[in-house]
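One structure is given here, and the rest of the page talks about it.
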Amino acid sequence: MTTQDVIELLKKRETEYSKTEYFSQLPGIYAFFFIGNTFPVIGSSVSKHQIIYIGKTESSQASRDEKTHFASGKTGSSTIRRSLGSLLKVALSLNPIPRNDKDFDAGRKSFFKFDDPSEEKLTRWMKDNLGLSFYEFDKSPEEIDKLETELIREAKPLLNIDSKNPDNPFSNIIKASRKACADEANQTIVTKDTTLNQINNQISTFKPKLMNSGQTVHKYEDIFKNAMPLIEKAIDESTSRRISIQLSRDDFKKVGNRQSYSFNLEFSNGVVANGIGGSAVARDLARVLEQSTSIIQKLKGKHMKFNLDKGFTLWISQ
């Protein structure tokens with residue numbers, strides 16, 4: 001079978017997840033299809049019944065698709081759940097948290113999952129909006145990997161964002177969206193099982209972790225929330241010119257003590273598109289913008305730049 005033959009077979013076997021009655025017990029290649037009405041963030045770039053992800057399993061389809069990708073609580077082990085969850089974070093009000101304590105303690109910050117209610121919402125969205133198909137390929141791990149690579153390079157699924165899909169035009173948007181979730185997750189140091197007494201007993205342990213990570217949690221959000229009416233107006237007017245908003249130096253100094261407050265923040269199609277992990281100020285602005293449904297709608301379809309200079313002037317442009 002040629003690569004194109006396998007792709008056509010996967011397309012022919014596409015089945016809505018809710019109507020999938022059997023999951024193969026053999027290794028092979030699986031494909032995810034979008035069957036909903038509007039794909040998150042990327043929107044009209046995705047058509048109905050388009051292959052959006054191709055993956056492999058060296059064990060079985062049942063273990064990978066049924067028991068991982070479409071299972072609540074498994075986002076930390078599923079790259080497609082992390083990608084979809086990061087794109088749906090605002091629309092579904094998902095709350096990212098660290099995958100586990102070991103990752104957090106070891107500084108492994110690229111992995112994350114969502115809290116239990118968010119996991120359920122993500123699973124429901126996937127079951128309602130995705131189709132699935134499978135090609136049994138009971139071969140060696142090397143042969144399975146080779147076929148997966150060939151299929152990804154041929155089909156170019158938008159949620160495959162690793163080196164096997166180098167020409168994916170959405171890779172940067174998805175990676176930035178995932179990083180934003182990971183950054184937020186790693187600022188969450190209290191889990192759902194932590195009692196009030198445990199929190200009080202462990203404060204001295206948690207504080208050094210925040211200080212050592214170089215992260216400042218939410219100190220500057222109120223400054224940007226107060227400026228939101230001006231920021232929203234500036235976004236509307238930025239189509240024709242670069243807009244400036246003068247913020248108060250004293251407001252920043254009251255809540256932080258930094259050598260520099262300056263930053264560059266970029267949003268592409270409503271998602272953070274550049275690395276802001278080193279700037280607590282930029283992260284707080286990004287978080288405030290992401291929490292505003294009206295602003296996220298205004299940012300969709302645009303590439304917006306937010307720059308705070310040394311004089312505490314916020315510049316907004318397209």
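See the values below:
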quantity	calculated
Out of SER63, SER44, SER18, sole residue that is closer than 22 Å to ASN269 by Cβ and in a helix (DSSP H, G or I)	SER44
Of all residues making up segment 170-189, the number that are outside any helix (DSSP H, G or I) and within 23 Å of ASP116 (Cα to Cα)	4
Flag if LYS207 is outside the structural domain of PHE312 (by TED's automatic domain parsing), more than 26 Å from the chain's Cα centre (by Cα), charged (D, E, K, R) and modelled with pLDDT under 85	yes
Residue count for segment 148-164, restricted to those that are under 13 Å from LYS56 (Cα atoms) and of a type in the set (D, E, K, R)	3
Flag for ILE97 being crowded, with 18+ Cβ neighbours inside 10 Å, within 21 Å of the chain's Cα centre (by Cα) and at pLDDT 95 or above	no
Subset of segment 216-257 (residues that are at pLDDT 85 or above, part of a loop (DSSP other than H, G, I, E, B) and over 27 Å from the mean Cα position of the chain (by Cα))	LEU247, SER248
Failed condition for ARG64, given (1) over 13 Å from the mean Cα position of the chain (by Cα); (2) touching a residue at least 40 places away in the same chain (Cβ under 8 Å); (3) crowded, with 21+ Cβ neighbours inside 10 Å	(2)
Strands (runs of 3 or more DSSP E) contained entirely in segment 71-161, each with at least 1 residues that are within 30 Å of LEU9 (Cβ to Cβ), touching a helix residue (DSSP H, G or I) at 6+ places or on another chain (Cβ under 7 Å) and touching a residue at least 60 places away in the same chain (Cβ under 8 Å)	130-136
Near pairs, Cβ below 6 angstrom, 6+ apart or cross-chain, from segment 224-250 (within 13 Å of TRP315 (Cβ to Cβ)) to any residue that is modelled with pLDDT under 85 and outside any loop (DSSP other than H, G, I, E, B)	ILE243/GLU237
Segment 3-19 residues that are closer than 22 Å to TRP125 by Cα and in contact (Cβ under 8 Å) with a residue 40 or more places away in the chain, paired with ones that are among the basic types (Lys, Arg) and surrounded by fewer than 16 Cβ atoms within 10 Å (Cβ to Cβ) (beta carbon under 7 Å, 6 or more apart)	TYR17/LYS127; SER18/LYS127
So SER83, is it within 12 Å of the chain's Cα centre (by Cα) and of a type outside the set (Phe, Trp, Tyr)	yes
Condition broken by PRO40, with the remaining ones in (1) at pLDDT below 90; (2) surrounded by fewer than 21 Cβ atoms within 10 Å (Cβ to Cβ) satisfied	(2)
Sole exception among (1) within 30 Å of LEU265 (Cβ to Cβ); (2) surrounded by fewer than 20 Cβ atoms within 10 Å (Cβ to Cβ); (3) not aliphatic (A, V, I, L, M) for SER140, by number	(1)
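The values are calculated or read from the model by the stated rules, or taken from the named source; none is laboratory data. Everything numeric in this text was worked out from a predicted model, so none of it was measured. Every residue, glycine as well, gets a Cβ built from its backbone with ideal geometry; the counts of neighbours run over all protein chains shown.
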